[in-house]
Amino acid sequence: MEAEGTVAGQLKSIGSGYRVLHGRAVRSKSASREFDHLVIGPNGVFHIEEKDWEGKVTFTSNGAERGKEGLKEDPTAQLYRHEFVLKELLRDNKLEADVTGLLCFTHPDCTLAGRSPAFAAVKPDGLVHAIQSHKAKRTLSPGEVDRVAGLLEESGSQGR
C-alpha cells in the first residue's frame, strides 16, 4: 500500500481538468480487470499499473526483463489486457478517447533502461508530466471527461 500511496500522492497534483480513480474494477462485456489507477482528462484515459520492483528493469521489443531472477509476469502483458477492457467498454458505449497505459515503478532503488514499444515506463515523479504532456488525437470536453469517468465508476466496483 505504501507504493500506491506514492502514486496517489503524485496524482493529487494532476489538476482540476482530470478525474482520478484508484483501485477500481472495470468490466466490459467480455472481461473484467483490476486497475491500480485510472486518470481521465482532456487528453484521454490513462491506466496506470504500479510495480514496486527493486533493481534494474530493462525494456526490449519483447517486453520487460528484471535482473537475474526474471519476471513472474511481464507487466506490459497486463497493460495490454487492461487496454482491451477499456477500449471495448468505450466502444460499446459509443465513446471515443485515447487510451494510454503507463507503468509506474515506485521502488526508490529501481532503475529503468530501454523503452517499451507500447507503454511508457516512469518513476512517480514523472507520472503527472507523462499524463499532462500526452498529445491526444481527440480532445475530450469537460462533459465528456465526466461521462467517461462515470462510465468507469459504474462499470465495476471499488476494488481492494
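The values are calculated or read from the model by the stated rules, or taken from the named source; none is laboratory data. Keep in mind that this is a model prediction, so the values were computed, not measured. Cβ sites come from the backbone with ideal geometry, for glycine too, and all protein chains shown count toward neighbours. Only protein heavy atoms, including side chains, enter the accessible area calculation; ligands, DNA and RNA are left aside. Shrake-Rupley method; radii C 1.70, N 1.55, O 1.52, S 1.80 Å.
By accessible area, using a 1.4 Å probe on protein heavy atoms only, segment 46-160 has 48% of its surface on carbon and sulfur. Remark: the chain projects, on average over all directions, an area of 9.1 nm² (convex hull of Cα atoms).
Across the chain, C-alpha contacts under 8 Å between residues 6 or more apart give a mean separation that, scaled by the residue count, equals a relative contact order of 33 percent. Compared with the alpha-carbon gap, the fully stretched path from E54 to A113 is longer by 19.9 nm at 0.36 nm per residue.
Amide hydrogen proximity for D52: with H placed 1.01 Å from N in the peptide plane, the residues at 5 or more positions away or on another chain lying under 5 Å are T106. If R0 is 22 Å, what FRET efficiency do you get for R138 and E34 from their C-beta distance, rounded to 0.05? Once the sixth-power term is evaluated, E becomes 0.20. Which whole-angstrom value gives the distance between the alpha carbon centres of segment 110-158 and segment 1-56? So the two Cα centres are separated by 8 Å.
Solvent-accessible area per residue in the chain equals 52 Å², computed with a 1.4 angstrom probe and all protein chains kept. Over all projection directions, the Cα-based convex hull of segment 51-128 averages an area of 5.7 nm². Between the helical axis of 75-92 and the dominant principal axis of the chain, each derived from Cα atoms, what acute angle in degrees is found, rounded to the nearest 10? Orientation of helix 75-92: about 10 degrees from the principal axis.
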